[in-house]
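The values are calculated or read from the model by the stated rules, or taken from the named source; none is laboratory data. If you're wondering where the values come from, they're calculated on a predicted model, not measured in any experiment. No Cβ is skipped: glycine too gets one built from the backbone with ideal geometry, and neighbour counts run over all protein chains shown. When the accessible area is computed, the model is the full protein with side chains, heavy atoms only, and any ligands, DNA or RNA have been set aside. Shrake-Rupley method; radii C 1.70, N 1.55, O 1.52, S 1.80 Å.
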Amino acid sequence: WYPLLADLREKGMKPSLIATFLYNRAVKIPLIPMMIYYFGWAFTILLTVYMVIFSVIQGSIVGKIVRR
């Protein structure tokens, strides 16, 4: 992933989008059925939604830090 992201950064991708992408890599689509089996629907959906929301928040924070 890192060489791809470095190439995209050279072509003008914003650091905030890179941070969002890296944070969202923690959401593993193939492992969702196993999470549902062990933890239930409610926890799996809540955790996934929180991770997506906080990835956007982290991306905006990184964007503000890098602008300075």
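Summary table below
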read-out	value
Conditions (1) open to solvent by 100 Å² or more (accessible area, probe 1.4 Å); (2) touching a Pro at 6+ places or on another chain (Cβ under 6 Å); number of the one not met by Val62	(1)
In segment 11-46, the residues that are surrounded by 15 or more Cβ atoms within 10 Å (Cβ to Cβ) and among the β-branched types (Val, Ile, Thr)	Ile18, Thr20, Thr44
Pairs, first of a type in the set (Phe, Trp, Tyr) in segment 51-68, second surrounded by 14 or more Cβ atoms within 10 Å (Cβ to Cβ), C-beta under 8 Å, six or more apart	Phe54/Tyr23
Test: Ala26 is touching a helix residue (DSSP H, G or I) at 6+ places or on another chain (Cβ under 7 Å) and either outside any helix (DSSP H, G or I) or of a type in the set (Asp, Glu) (or both)	yes
Any hit, segment 47-60, residues being under 14 Å from Ser16 (Cβ atoms), among the aliphatic types (A, V, I, L, M) and either at pLDDT 90 or above or under 12 Å from the mean Cα position of the chain (by Cα) (or both)	yes
